[in-house]
Amino acid sequence: MSADPARVPVPRTTGAESPAEVVAAVRRRAGPPAAWWGMVVLIASEATLFGAFIGTYYYLRFETPVWPPLGIPEPKVVVPLILIGCLALTAPPMLLAYRAAAAGRLRAARGYLVLALVVQAGYFAFEVHDFRDQLHTYGITRNAYSSIYYTLLGADHAHVLLGILFTAWLLAKLAGGLTTYRVNAAQAIAWYWVAVILLTFAVIGTLLSARV
Amino acid sequence: MAVVVPPRPAGAEYVERLERQWASRPGVLGWLTTTDHKRIGLLYFWTTLAFFGAGGVEALIMRTQLSTPNEHVVSPGTYDELFSMHGITMIFFFIIPMTTGAFGNYLIPLMIGARDMAFPRMNALSYWIFLASGLFIYTSLFMGMAPNAGWFDYVPLASRQFDPGRNIDFYCLGIIFNSIASTLTAGQFIVTIFKSRAPGMSLNRMPLFCFAFLAASLGLLFALPVLSANTIFLFLDRNIGTHFFDPARGGSPLLWQHLFWIFGHPEVYILIVPAFGIATSIIPAFTQRRLTAFPLVAIAELLVVFIGFGVWAHHMFATGMPTISMVFFAAATAMVVIPSTIQVFAWCMSMVTGSARFRTPLLFIAGFIFMFVTGGLTGIMFLAIPFDQQVTDTYFIIAHFHYIIFGAAVFPIFGGMYFWFPKVTGRMYFERPGQISFWIIFVGTNLLFFPMHIVGLLGMTRRVYTYPGGLGWTAFNFAETVGGFITLVGILLLFGNLVVSYFRAPRADQDPWHGPTLEWTTTSPPPEYNFAVVPTVTSPYPNWDDADRERDRAKLARGVLVLDEGHEQPAVTPVDGRFAEIVEMPNESPWPVVLAISLALVFTMLLIEKYVIAGLMGILCLITLLAWSWKEPQE
Amino acid sequence: MTGRAARRTGPLIFLLAAVLLLAGCGNGQNALAPASHQSRDIADLFWWMMGGAWIGLAIVVALLFWSWKRRNRRGLGSDRAGEKPGERASWYVVVAAGIAMPIVVVATLFVISDIFVIQTTQAPASAATKLTVQVIGHQWWWEIRYPGTRAVTANEIHIPARTPVRVEVRGADVIHSFWVPELNRKIDAIPGRTNSIVLDADEAGRYRGQCAEFCGLQHAHMGFYVFADPPARFRSWLAHEATPAAPPSSALERTGQRLFMGGACSSCHTIRGTNAQGYVGPDLTHVADRTTLAALTLSNRRSDLAGWIGNAQHYKPGNQMPDLNLTASGRQALVAYLEGLR
């Protein structure tokens, strides 16, 4: 690491070469890394996008006397709630994967990620199947309700897909060993998933409010 | 006879090592793959100037068409494309990228004592995406299908039924494409300002320039997604057949307006707040005085953007909204006045109590204050709802926002160009032509925009390609056209002066103005690594803290905090600026350009309705990101 | 140089503005030549606000001028770089002029305009008016209807003077905006909803209006007139406007009518009392009575009418009236027929 540690009071985190050095560097540094802040900023932007979609949903709703309009079935309750529950259960493994990586326990980190990835992929497959089924009952071009319904839900699924790609990428990276970059990535991606799960709750809540 | 070897300056061996670590790749390839914030800033600078020229030509053609009644310089269809492209170009491809991309990129790391942004490769990506989106939209102009429903494209006019060609599809896709670049830049600035400041620079020691850019970046971050959602809806309505805006099937044309202005109003503050930052850099330098009421000004800069999110429906007072809603938005508009008036008087009092040197940069700032106050006063008039309802959508509004945008954004940009010209180029500029260029531009813009107040009150509506004689509008329009050409002369003189100065003016040393902030402590132009040592900072005006600068010289001599083990820079905690870690920054990378090209392909395929191929291009983007992320910064 | 030049040009601009403003007086579309209670309130509001604005600008210009006078001089106290001479006084100015004064001014303006004046300019209560006119904005003409009667016309509205009239406005295709500044502020004509505004002319006269929301290629040529008539004259106008079309009275006119009914004209235009029933273009039942054609683009003189029928695209390119491929004699007949539609 540093040629003269006395001159440099903080760790050279990116310069850490062995897992032990990574763990030490990550522990010594003060506060979350720039990568985590970058993820916070990305989440803020995407949350605002969803805010606009959800705002649109309610704006259109309050302009329309009958909602959902005649001929469109009310959204189902049970299956979506079970699915979102399953997705929410992947948040602990993602966070634990980060903590394990930061502590140098690479095998545990990989294990948690595999567990999370399987559930996330399963959730996504179910949702895609469900989405296509619904499109057969009524299409997106039927009216304003169907337009915002599928757009809002589709945007949510797209963000879940992005998260799955993140998890898979992280797994592939960790297969090659531990670096500070990968620990930072694990932290950022874990929080991405927390955000996506919370957003999905908001989205499902919005869509189910049509039943009220 | 003994050869006398001049003594090496203290710390020279460290500087040499830094030079080797940070040397940039030569040639065109170096520029294509650069991640250096200064080079990226320069790329933005020249590109935005080209768009400024295009937007200016569009304006002058319109002014020529309107110089007399019933002219036939352009057809109505072409005129509609001109005013739409003029607005889109000036806002999305000139002001925002010039202030954030050029000035922000070049100066923020220098002002906070950093060596680069927090995410240098993403910074390069922002530029290439910006360039690609500009080329994308301008292709529409060359193909005769430019956006033609204004820069705000109200529906149903912008729907497929009433605008069947690809014009609005170019708009939707181009805007979304461009907003990716601006969002990345906004995120970049926020993280850099919080994490990459020099250790010891707590937030209250950060220059006001950075507060302004932080405010603008937060504004961009929260405003752009709303625009993206809106343009996504419009694109879907036009191409897939959804009904977001179709009243026959439950949609609402006013939904477009609400979402547009929820983005659009914060956008106009985003346009001018960075310029406020430029003003708050120039005034201390040319008055040799710390800015009055620093904490009030810092808070005001953040507050104006924040409150600006709550006023949007004042653009919709003529739509028949319920009175109570309008009154709410008028009240919010009233509140947003206060942070601006705080700043105006802080600037003025700094100039009065300091020792003002009216060199060209300060002249532009004085002009800016005059124009901003004029535009701001008519803005205050709009909180009177009945008056707003009388003059909205007329030339009165055009006068208002041009006084604000040209006066409060472009004047500081021009002043900033003169101010930092010595730092960026290493040459002074010629002062006399500089002052003359200011006066010509000042007279020209006032002649161009002031009569618009009058002609709007006389009933001239906006976005008209011609007007009849006999209504008393002719003389004013003619005067405005003359003013436009006078402004052109002034602008040509300004740039001519800078070009000639670049080649012929005397060399500038590192601190020609005795400026307040850290960029004046390093060479002109700065070396790739900006600072040889991590600077000591104890106030927002570090170049005036002689003791700290002395400390830096001592540090360099002893090799302390030179950070020359690699391509290194420090990271700090967000608020107090405590030293947190040392991170390695990436060198040149080809992936930003490649990703920008792949994204351009996605948008092009969407434009020509080849959705499956667009999906494949999307996968290409993902593969590029994979390649990008494969090499970690320390490798 | 800053302050001095600004001080000289300021009043000059004001003087010039006043002179030129008066030159525009009488154009019929002048927000500062109000002809109703509503427009007068708005104009008065403007004059007060403008007075306040000039004062505000003068204060700032005075400060800039003062800084110019004090240029290159030593500051109020220490002149070492980085000091803050006169900081306390500056804080007082910033707080007084930058916070307190604007709060007072803005709050006063808000209360006067958005609590009081707004009550006269907002949509009228249903009991407040005795006459309703419906205005429907099309690309690029105005359809005018008088509910309760059969009267339908285009691009000209007649109202009785000194009578509050409710105007209900909506858009048929895209968003337009109904604006006749000497009588009231503007109100948007939006598809799918109906907005209302009151017109209450102080005296008889002709007032000019124009579409004020960009609505496509010929937005610039979408004007209209509001004629405030003495109430008796208005009643007779309305009664006449409700009657069906006068039959053709000469052979030439009959030829013209045949051409009209047999050709493309009758599929776009309505002439009440005949088989012509179309809604793309304006109702032509009493077209000869109108003062202009094509929404104030042309006069209604014979030469202009002939020009319009012969080549509408020349005068209003992009509008919906196609080239009719008329012969000279056909055009002559049609002109005669249309001129008979009083």
Q: Would you mind counting up the charge near residue B:203? Only other residues with Cβ under 15 Å from its Cβ, with Lys and Arg at +1 and Asp and Glu at -1.
A: +2
Q. So how far, in whole Å, is the C-alpha centre of the stretch B:487-502 from the one of the stretch C:220-291?
A. 60 Å
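Can you give the charge dipole size of the protein assembly as shown about its Cα centre, rounded to the nearest 20 debye, using +1 on the beta carbon of Lys and Arg and -1 on the beta carbon of Asp and Glu? Please list the in-between numbers first.
Values: 85 positive and 73 negative charges, 285 e Å.
Dipole magnitude for the protein assembly as shown comes out near 1360 debye.
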**Q.** Counted charge near residue C:112, where neighbours are those whose Cβ lies closer than 11 Å (Asp, Glu -1; Lys, Arg +1)
**A.** -3
Q.
Please compute the average number of Cβ atoms from other chains found within 10 Å of each residue's Cβ in peptide B:155-165.
A. 3
Q. Could you give the angle, 0 to 90 degrees to the nearest 10, between helix B:76-88's Cα long axis and the longest principal axis of the Cα atoms of chain B?
A. 30 degrees
**Q.** Rounded Å value of the spacing that divides the Cα centres of the stretch A:52-102 and the stretch B:122-183
**A.** 31 Å
Q) With each run of n ≥ 4 DSSP H residues scored as -39500 (n - 2.57), what mean residue ellipticity at 222 nm is computed for chain B after dividing by its residue count and rounding to the nearest 500 deg cm²/dmol? A) -21000 deg cm²/dmol
Q. Which residue, chosen from B:192, C:149, B:557, occupies the Cα position most advanced towards the positive end of the dipole of the protein assembly as shown, where the dipole is computed from +1 (Lys, Arg) and -1 (Asp, Glu) charges on Cβ about the Cα centre?
A. B:557
Q. Can you tell which of C:169, C:217, C:91 lies farthest toward the positive end of the dipole of the stretch C:80-229, using +1 and -1 charges on the Cβ of basic and acidic side chains (Lys, Arg; Asp, Glu)?
A. C:91
Q | Dipole axis of the protein assembly as shown (+1 Lys, Arg; -1 Asp, Glu on Cβ), positive-most option in B:544, C:26, C:134 | A | B:544
Q | FRET efficiency, residue A:114 to residue B:538 (Cβ-Cβ, R0 56 Å, nearest 0.05) | A | 0.65
**Q.** Simple spin-label estimate for residue B:485 and residue A:28 in nanometres, 7 Å along Cα-Cβ
**A.** 7.0 nm
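Under 1.5 on a/c is rounded, so check that first for the stretch B:491-635, then, if it is not, pick prolate when a/b is larger than b/c and oblate when it is not; a ≥ b ≥ c are the square roots of the alpha carbon gyration tensor eigenvalues.
oblate
Over chain A, calculate the relative contact order: mean separation of alpha carbon pairs under 8 Å at least 6 apart, over the residue count, as a percent. Before the final figure, lay out each step's value.
Working: 196 pairs, mean separation 72.7, N = 212.
Rounded, it is 34 percent for chain A.
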(Q) What does DSSP give for the protein assembly as shown in terms of the percent of beta bridges that are antiparallel, rounded to the nearest 5? (A) 70 percent
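When you look at the Cβ of every residue in C:32-42, what mean number of other chain Cβ atoms sits within 10 Å? If you can, show how the numbers build up before the last one.
On the way: counts 5, 3, 1, 0, 0, 0, 2, 2, 0, 2, 8.
Taking all residues of C:32-42 together, the mean is 2.
Enter the mean number of other protein chain beta carbons within 10 Å of the beta carbon of each residue in C:96-109, as an integer. Show your work: numbers first, answer last.
Numbers: counts 1, 6, 15, 7, 2, 2, 10, 5, 0, 4, 11, 2, 0, 8.
Per residue, the number of nearby Cβ atoms from other chains is 5 on average.
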Q: Using a Förster distance of 41 angstrom, determine the FRET efficiency expected from the C-beta separation of residue B:500 and residue C:100, and round it to 0.05.
A: 0.25
Q: Using label points projected 7 Å from each Cα along Cα→Cβ, tell me how many nm separate residue C:72 and residue C:327, to one decimal.
A: 8.6 nm
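Report the full-extension gain for the segment residue B:335 to residue B:576: residue separation times 0.36 nm, less the Cα-Cα distance, to one decimal in nm. Don't jump to the answer; show the numbers that get you there.
Working: separation 241, 0.36 × 241 = 86.76 nm, distance 3.07 nm.
Extra length from residue B:335 to residue B:576 when fully extended: 83.7 nm.
I need the shape label for chain C. Rule: rounded when a/c is under 1.5, else prolate if a/b > b/c, else oblate, with a, b, c from the alpha carbon gyration tensor. Show your work: numbers first, answer last.
Working: a/c = 3.27, a/b = 2.34, b/c = 1.40.
Taking the square roots of the gyration eigenvalues as a ≥ b ≥ c, chain C is prolate.
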Q. Listing C:157, B:365 from the residue with the fewest other Cβ atoms within 10 Å to the one with the most, what is the order?
A. C:157, B:365
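To the nearest 20 debye, what charge dipole does the stretch B:132-274 have about its Cα centre, counting +1 at the Cβ of each Lys and Arg and -1 at the Cβ of each Asp and Glu? Please report the intermediate quantities before stating the final value.
On the way: 7 positive and 6 negative charges, 91 e Å.
It works out to roughly 440 debye.
Pairs of alpha-carbon atoms within less than 8 angstrom and 6+ residues apart define the contacts here; what relative contact order does the stretch B:126-177 have, in percent?
Numbers: 37 pairs, mean separation 23.8, N = 52.
Relative contact order here is 46 percent.
Count charges around residue A:111 for me, please; just the other residues with Cβ under 14 Å from its Cβ, Lys/Arg as +1, Asp/Glu as -1.
On the way: positive: A:99, A:105, A:107, A:110; negative: none.
Overall, the nearby charge balance is +4.
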Q. So how tilted is helix C:328-339 from the main axis of chain C? Cα-based, degrees 0 to 90, rounded to 10.
A. 70 degrees
Q: Could you list C:88, B:578 in order of exposure, starting from the residue whose Cβ has the fewest other Cβ atoms within 10 Å?
A: C:88, B:578
Q) What's the angle, to the nearest 10 degrees (0 to 90), between helix B:611-630's Cα axis and the longest principal axis of chain B? A) 10 degrees
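Output the relative contact order of chain C, whole-number percent, from Cα pairs under 8 angstrom with separation of 6+ residues.
On the way: 587 pairs, mean separation 51.2, N = 342.
About 15 percent, as a whole number.
Just want the ordering: A:86, C:265, from fewest to most Cβ atoms lying within 10 Å of their own Cβ. Before the final figure, lay out each step's value.
Working: A:86 14, C:265 23.
Starting with the residue having the fewest Cβ neighbours, the order is A:86, C:265.
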(Q) Under a crude label model (7 Å from the Cα following the beta-carbon direction), how far is residue C:116 from residue A:158 in nanometres? (A) 5.2 nm
Q: Kindly identify the stretch B:159-269 as rounded, prolate or oblate by the Cα gyration tensor criterion: order the square roots of the eigenvalues as a ≥ b ≥ c, call it rounded if a/c is under 1.5, otherwise compare a/b with b/c, prolate if a/b is larger, else oblate.
A: prolate
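Computed from the coordinates by the stated procedures, all read-outs in this text should not be read as laboratory data. As the structure is a prediction and not an experimental result, all values here were calculated from the model. With ideal geometry, Cβ positions are generated from the backbone for all residues, glycine too; neighbour counts draw on all protein chains shown.
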